[in-house]
Amino acid sequence: MMTETKIQKEGIERHKFCDICGEEIYIGLACSSARCSYCKKDLCEKDIGNEEETGGDYRHVWCKECWSKGDKYRPTIEKLHEEIEGLYEKWQSECKQMGYS
């Protein structure tokens, strides 16, 4: 994490920089901060490889390098998610057959 801290008479001034390109990142609300979910690098907007919609206060982002490393894993993960959902549906169906539906 690249940060710069300056102590002045008025207080402390803190600057944050993108760990990829070195561009200064505006430090605002938590929801404006972008840090790769895997390698933990601080990212400017142009160095984000992918961002998941969370609808919350914190961003779930990946840098371009980490996102590209996932190309070989994401299809298998998606297939397994679908398989898991199918198992939950079978389980729920068996339970409904025993109940009052």
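What follows is calculated from the coordinates using simple rules that are stated; it is not laboratory data. The model shown is predicted, which means the values in this text are computed figures rather than measured ones. When we count neighbours, we look across all protein chains shown, and the Cβ atoms used for this are built from the backbone with ideal geometry, even at glycine.
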Collect residues whose amide H, placed 1.01 Å from N in the peptide plane, falls under 5 Å from the amide H of G49; neighbours closer than 5 in sequence don't count. W62, C63, K64
Per-residue ellipticity at 222 nm for the chain, helices alone: DSSP H runs ≥ 4 residues times -39500 (n - 2.57), over residue total, nearest 500 deg cm²/dmol? -10000 deg cm²/dmol
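Which trypsin sites (Lys or Arg not before Pro) does region 22-87 hold that lie in a coil by DSSP with at most 15 other beta carbons within 10 Å?
Details: sites: R35, K40, K41, K46, R59, K64, K69, K72, K79; in loops: K40, K41, R59.
Counting only loop positions with at most 15 other Cβ atoms within 10 Å, the trypsin sites (Lys or Arg not before Pro) in region 22-87 are K40.
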Can you compute 3J(HN,Hα) from phi for each residue in region 68-83, using the Karplus curve 6.51 cos²θ - 1.76 cosθ + 1.60 with θ = phi - 60°, rounded to whole Hz and x for Gly and Pro? 5, 5, x, 3, 7, 9, 4, x, 5, 4, 4, 4, 5, 4, 5, 5
Give the label of the value calculated from the structure for Rg and Dmax of the Cα atoms in Å, choosing from (1) 21.2, 72; (2) 29.5, 81; (3) 37.9, 114. (1)
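In region 12-101, which GluC sites (Glu not before Pro) are in a loop and have at most 16 other Cβ atoms within 10 Å, using DSSP for the loop call?
On the way: sites: E13, E23, E24, E45, E51, E52, E53, E65, E78, E82, E83, E85, E89, E94; in loops: E23, E53.
Loop-located and lightly packed - E23, E53.
Considering only DSSP states other than H, G, I, E and B, which chymotrypsin sites (Phe, Trp or Tyr not before Pro) in region 18-94 qualify as loop sites with at most 16 other Cβ atoms within 10 Å? It would help to have the intermediate numbers written out before the result.
Details: sites: Y26, Y38, Y58, W62, W67, Y73, Y88, W91; in loops: Y26, Y38, Y58, Y73.
Here the sparse-neighbourhood loop sites are Y26, Y38, Y58, Y73.
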Find the lysine pairs in the chain meeting two conditions, Cα atoms under 13 Å apart and a separation of 8 or more places or different chains, and report how many there are. 5
